[in-house]
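Have a look at the structure below, then the notes.
The values are calculated or read from the model by the stated rules, or taken from the named source; none is laboratory data. Please read these numbers as outputs of a predicted model, since none were measured by experiment. In this analysis, Cβ positions are derived from the backbone assuming ideal geometry, glycine residues included, and neighbour counts consider all displayed protein chains. Surface areas here come from the heavy atoms of the whole protein model, side chains and all, with no ligands, DNA or RNA. Shrake-Rupley method; radii C 1.70, N 1.55, O 1.52, S 1.80 Å.
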Amino acid sequence: MPSLRIGGLARLSTCDWPGELVATLFCQGCGWDCAYCHNPHLIPARSHMELTWEAVLTFLEERRGLLDGVVFSGGEPLLQPALAEAISIARDLGYRIALHTNGQLPERLAAVLPQLDWVGLDVKAPFADYESVTGIAGSGLPAEASLRLLLEAGLPYEVRTTVHSSLLGEDQLRALADELRAAGVRRWVLQPYRAEGTRCERLPGASKPLGSELIQELRSGFEEFEIRE
């Protein structure tokens, strides 16, 4: 039985995998510390929760035929060596599988891609500017490698970017849009910053809203573009 560290379970979600009715499993632990993180309690490697993989598996067995799939989210799920086995078990139960990842571990992403049906990849900034968001020097390199792997895999996906104007200004958004277009990204989702659940004291003031002209400029060149409120 995989020793997956679990920080939470959403038993029914319609938003974590667009168009699908899913259970979302929040894996504990993340190697980055983004100031706007909506799940900061998931950053430490250990949780005070007592939710076990065995309990989650019992729940999934009971919901067979009622849910379309399982989303492994976080934190960063790929940090856990037990993830691949947990995915395989969920697939054997008949579930389709999605992964939310920030791309910090491209080699582990490559290993699980054949078991996935959909991926939500967080791209946080132009790759040269990642440290200003993650706090980790050189973090844009693995994120860029993960993006390449995902696009090469040919899976359904979305690339999404959380926007706080103090961390990602208009020029940086334009630069990021250019990088994503050049890479061949077809679907890009912008997620304006929401203070709920975050450590807002770490951010210098409120985020400025995206202007309509900027949105139209960013939208150009993508087959699918969305502002997710």
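In table form, for the structure just shown:
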| read-out | value |
| --- | --- |
| Extended-chain gain in nm, criterion 0.36 nm per residue less alpha-carbon gap, LEU21 and ALA110 | 29.5 nm |
| Virtual spin-label span in nm between ALA153 and ASP33, 7 Å along Cα→Cβ | 2.9 |
| Length added when fully stretched, ARG228-ALA206, from 0.36 nm per residue minus Cα-Cα | 6.1 nm |
| Cα shape, the stretch 12-82, gyration tensor, a/c 1.5 rule | oblate |
| Length added when fully stretched, ILE136-ARG194, from 0.36 nm per residue minus Cα-Cα | 18.6 nm |
| Solvent-accessible ranking of ASP68, ASP117, largest area first, probe 1.4 Å | ASP68, ASP117 |
| 3J(HN,Hα) from dihedral phi, the stretch 223-229, Karplus parametrisation 6.51/-1.76/1.60, rounded to Hz, x for glycine, proline | 5, 10, 9, 9, 9, 9, 7 |
| The stretch 134-173-the stretch 1-35 distance, computed between alpha-carbon centres (Å) | 19 |
| Charge context of GLN216, other residues only, Cβ under 14 angstrom, K/R +1, D/E -1 | -2 |
| Isotropically averaged projected area of the chain, using the convex hull of Cα atoms (one quarter of hull area), nm² | 11.9 |
| Accessible-area value, ARG108, 1.4 Å probe, nucleic acids and ligands omitted, Å² | 100 |
| Descending principal axes extents, the stretch 98-164, alpha-carbon based, whole Å | 32, 22, 15 |
| For the stretch 107-215, convex hull volume per residue from C-alpha positions, Å³ | 121 |
